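Engineer: Structure below; questions to follow.
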Amino acid sequence: METVIVLFTRDLRVHDHPALAEACEQARQVVPLFVIDPAIRPRHRADFLHEALHDLRSALLQRGGDLVVRRGDPVAEAIKLAGEVSASGIWASGDVSAFARRRERRLAEACAAHRLDFRLFPGVTVMPPTGLLPAGGTHYRVFTPYWRVWSEARKRPVLDPPAKVRLPAGVDPGPLPSVPREPYGLLRGGETAGRRRLAEWLERGLADYGDGRDRVADRTSLLSAYLRFGCVSPSEVVARAARLPGAEAYVRQLCWRDFYYQVAYAFPELPRRDYRPRDVDWKDDEPSAEAWREGMTGVPIVDAGMRQLRAEGWMHNRLRLIVGSYLTKRLKIHWRVGLDHFDDLLLDADIPNNSGNWQWVAGTGNDTRPNRVLNPIRQARKLDPDGVYVRRYVPELADLPAPAVHEPWKHAPSVRGYPAPIFGDVPLIT
Ligand code: FAD
């Protein structure tokens, strides 16, 4: 093949990138392309995305290539560029959301009309979304059987980055959006930052993950945003972790990621419609929803989580469960309110994981115990026994020791500036 375009979307890396690796091997020239699509609002993830694009451009430049950047509809721009560079094919990584699959279908049709070779490659998940199917079903509905087959399934080998990317002469690479001096969130975007974090995590964090992962004041691997944008490859994370002691609990979490991706592939309405419809009388209670978003519910562990989300663009998984259960099960506010707010602020927000987890929490998803309600006070005492976490994010309570910091209304009824708690209708037995 003479020239192939590799269309990057949410696979912003050069390591273990099947489409890029294959193009560099098979084609004489390769045009790595990213199209900034005005139809996608990256919300608070914009800085992370732009950093990742700068980093990808550097990695490609180091290999003799470049990242070609265009603005507009990815299908129209890719086809236009194919004409300009006389490409014979457009290759990409296959994705799962309804939006991404619509784009893939349109691209396939446009390629057929222009006699271009269109191919989709793996790389967004460890196992492709239709790679493991139960007998007679379109996907696994419950996690444990999926985990059983997933952990035993043969995984594709992890690929090296290409040594050389041969870009055709004369292509205008196009400008990249700049990144502000102080980008939003806790994490810096890009493959370089993601690989550094992965190496540190495998060396220093992983061994303690099974025992320590529920302590909310600590950080877990913090790889989710890098996985979200494909700055690190999930297959590489699993392959490297699996060789180390204590990896099973961690690899299991990455299997949850694949699990929700195969659910979202089979049930594309996951972000909008109940996966398992339940007759819930959702409340239209905007003042409480706003108190939740702002971290002003008066329930310290919930407020700490919501304020961490706003400040850092990240929240510990346990906290996501606590604030999610509080919103949907106590305040009886629809899970979509929570999903939209997370989508706005999280660096790692993606459709399958965000909607799959919100539906799990709300009892409309893949949870086998849909009626469970987490007690935020008990959770706080257990997961933040010294109150370190709450005091870090709720400065109004900085002078209260534990356990009083988790129930300030009992011990210090008038903490200045901090509201009285909203508990909703479910009795709080502490
Ligand atoms: P670690 O604990 O170090 O786990 C490693 C990786 O495993 C994560 O990076 C992630 O890719 C995967 N993982 C861990 N837990 C889960 C899980 N429950 N479901 C799916 N994958 C998981 N995760 C997202 O990546 N994007 C989201 O939009 C998202 N929304 C969530 C919403 C709610 C209401 C809840 C309860 C959880 C959500 N999660 C989401 C899952 C989980 O909270 C995050 O993946 C995790 O906290 C990210 O931090 P980490 O990388 O340090 O995780």
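The values are calculated or read from the model by the stated rules, or taken from the named source; none is laboratory data. It should be emphasised that the depicted structure is a prediction, and the values quoted were computed from it without experimental measurement. Positions of Cβ are generated from backbone atoms using ideal geometry, with glycine treated the same way; all protein chains shown enter the neighbour counts. SASA here: full protein model, heavy atoms, side chains in, ligands and nucleic acids out. Shrake-Rupley method; radii C 1.70, N 1.55, O 1.52, S 1.80 Å.
Engineer: Identify the single condition in (1) open to solvent by 50 Å² or more (accessible area, probe 1.4 Å); (2) within 30 Å of V30 (Cα to Cα); (3) part of a loop (DSSP other than H, G, I, E, B); (4) not aliphatic (A, V, I, L, M) that P177 does not satisfy, given that it satisfies every other one.
Structural biologist: If we test P177 against (1) open to solvent by 50 Å² or more (accessible area, probe 1.4 Å); (2) within 30 Å of V30 (Cα to Cα); (3) part of a loop (DSSP other than H, G, I, E, B); (4) not aliphatic (A, V, I, L, M), just (1) comes out false.
Engineer: Right, next: I need the full set of residues from the range 210-232 which are more than 7 Å from the ligand (Cβ to nearest atom) and modelled with pLDDT under 95, in order please.
Structural biologist: Of everything in the range 210-232, those that are more than 7 Å from the ligand (Cβ to nearest atom) and modelled with pLDDT under 95 turn out to be G210, D211, G212, D214, R215, V216, A217, D218.
Engineer: Which one of the conditions (1) in contact with a Phe, Trp or Tyr (Cβ under 6 Å, 6 or more places away or on another chain); (2) open to solvent by 30 Å² or more (accessible area, probe 1.4 Å) does P18 fail to meet, given that it meets all the rest?
Structural biologist: (2)
Engineer: Okay, moving on. Here's a check for you: in the range 251-273, which residue that is of a type in the set (S, T, Y) and buried (at least 24 other Cβ atoms within 10 Å of the Cβ) is farthest from the ligand (Cβ to nearest atom)?
Structural biologist: Y261
Engineer: Residue check, A52 against (1) open to solvent by 40 Å² or more (accessible area, probe 1.4 Å); (2) touching a Cys at 6+ places or on another chain (Cβ under 6 Å), all met but one. Which one?
Structural biologist: All conditions are met except number (1).
Engineer: Any idea which of G190, G205, G185 is of a type outside the set (F, W, Y), open to solvent by less than 70 Å² (accessible area, probe 1.4 Å), at pLDDT below 95 and touching a His at 6+ places or on another chain (Cβ under 9 Å)?
Structural biologist: G185
Engineer: For the range 325-340, enumerate the residues that are farther than 14 Å from W282 by Cα and within 10 Å of the ligand (Cβ to nearest atom).
Structural biologist: Once the filter is applied, which keeps residues that are farther than 14 Å from W282 by Cα and within 10 Å of the ligand (Cβ to nearest atom), the range 325-340 yields only L339.
Engineer: Would you pick out the residues in the range 392-413 that are under 28 Å from I333 (Cβ atoms) and not aliphatic (A, V, I, L, M)?
Structural biologist: Residues satisfying the conditions are R392, Y393, P395, E396, P403, H406, E407, P408, W409, K410, P413.
Engineer: Considering every residue within the range 25-41, establish whether at least one is assigned to a helix (DSSP H, G or I) and either surrounded by fewer than 19 Cβ atoms within 10 Å (Cβ to Cβ) or more than 24 Å from the chain's Cα centre (by Cα) (or both).
Structural biologist: Yes, the conditions are met somewhere in the range 25-41.
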